[in-house]
Amino acid sequence: MPDTPSVLRFGLIRPRPTPNPHFSVLKQSLRLEPNPAIQVIDYLVDLPDSLGMMGNDTCGNCFWAAQYHGDQLRTLLVGGQMLTQPAATVQQAYAQATGWSPGDPGSDRGTDAGEGFAWIQANGLPLARYGQTVKLLGAVEVDPEKPQDCLVVMDYCGGLCIGVTLPKRLAADPSPKVWDWLDGDELGDEGHEVLVGKLSADLSQIGFVSWGSKDWTMTRRFWEHCVVQVTGAFYADWLGATGRTPFGMDAARLEAMMQAHSGGRIP
């Protein structure tokens, strides 16, 4: 297991559900029921231990690091080879979307997840090769209190992006590899976005990628107290390679449904 880096930055501001369409609305409109046969998904098993910090040791770009860790996971799963974008590309996306400037510490204000997904949907997720992006067809918000729904969406998306509000104890020292909610813990003001790549229906197994490592886990108690945002992002490269279009839709219909249900109040 690689050594824990000495600098662990956060960067999720206003941790809250995103204004993306809610999975419960899509279920109702399409008369869908989650598949109870799905009990556990582990996309992390084949990832290498070291994935790169993606700049989250120098700035509060955790939301963007989570997106590019997701890109690593998807390229490995669909192509058999993990492709890694350089930290400079990740930081440039953070700069373009939020106005961060490396020479101005006051501009390092982090990212609101809803605004981040909206920017990617409008602009694509930038890649290192000039002008190339990964298209985001849309994203759905999932109720963290419904882990079976989370599993279904995770299966369709190749991972979940989640936002947590950290207990003050872990905000001061996030280095424990197992994040737990302890008696006496209090929520602080710090938020963090990570990529969940392992999840079970009973929440006994929750593994996530952050700060360049796949070795982070959280307990069910932590999930229940601290997870405030669970988002499934439908990236075109994953859907095109796997053929697993959500609910049997083609890409055009998926985009239309995302737009039809976007922007409203989250149930």
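The values are calculated or read from the model by the stated rules, or taken from the named source; none is laboratory data. Owing to the predicted nature of the structure, the values given are computational and were not obtained by experimental measurement. Virtual Cβ from ideal backbone geometry, glycine too; neighbours counted across all protein chains shown.
Side notes on the structure shown:
- Some residue of region 43-51 being assigned to a helix (DSSP H, G or I), more than 29 Å from Asp108 (Cβ to Cβ) and either modelled with pLDDT of 90 or more or touching a strand residue (DSSP E or B) at 6+ places or on another chain (Cβ under 6 Å) (or both): no
- Any hit, region 242-263, residues being under 17 Å from Gly159 (Cβ atoms) and either at pLDDT 95 or above or assigned to a strand (DSSP E or B) (or both): no
So that you can scan it fast, the table gives a plain yes or no per residue for (1) in contact with a His (Cβ under 6 Å, 6 or more places away or on another chain); (2) under 20 Å from Leu47 (Cβ atoms); (3) part of a strand (DSSP E or B); (4) of a type outside the set (Ser, Thr, Tyr):
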| position | (1), (2), (3), (4) |
| --- | --- |
| Cys161 | no, yes, yes, yes |
| Glu193 | no, yes, yes, yes |
| Lys198 | no, yes, yes, yes |
| Ser204 | no, no, no, no |
| Phe208 | no, yes, yes, yes |
| Lys214 | no, yes, yes, yes |
| Thr217 | no, yes, yes, no |
| Arg221 | no, no, no, yes |
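- Qualifying residue in region 231-240 (condition: modelled with pLDDT of 95 or more, under 18 Å from Val134 (Cα atoms), in contact with a Ser or Thr (Cβ under 7 Å, 6 or more places away or on another chain) and not in a helix (DSSP H, G or I)): yes
- Qualifying residue in region 41-52 (condition: among the hydroxyl-bearing types (Ser, Thr, Tyr), more than 20 Å from Gly158 (Cα to Cα) and either surrounded by fewer than 18 Cβ atoms within 10 Å (Cβ to Cβ) or touching a Leu at 6+ places or on another chain (Cβ under 7 Å) (or both)): no
- Leu195 crowded, with 19+ Cβ neighbours inside 10 Å and not charged (D, E, K, R): yes
- Consider region 138-192 and keep the residues that are more than 25 Å from Arg9 (Cβ to Cβ) and β-branched (Val, Ile, Thr). The one that is surrounded by the most Cβ atoms within 10 Å (Cβ to Cβ) is Val140.
- Scope region 62-113; condition without any contact (Cβ under 8 Å) to a residue 40 or more places away in the chain, part of a loop (DSSP other than H, G, I, E, B) and within 16 Å of the chain's Cα centre (by Cα); matching residues: none
- In region 124-138, the residues that are touching a residue at least 40 places away in the same chain (Cβ under 8 Å) form Cβ pairs under 9 Å with partners that are crowded, with 21+ Cβ neighbours inside 10 Å and among the hydroxyl-bearing types (Ser, Thr, Tyr), at six or more places apart or across chains, as follows: Leu125/Tyr68; Leu125/Tyr235; Val134/Tyr235; Lys135/Tyr235; Leu136/Tyr235; Leu137/Tyr235.
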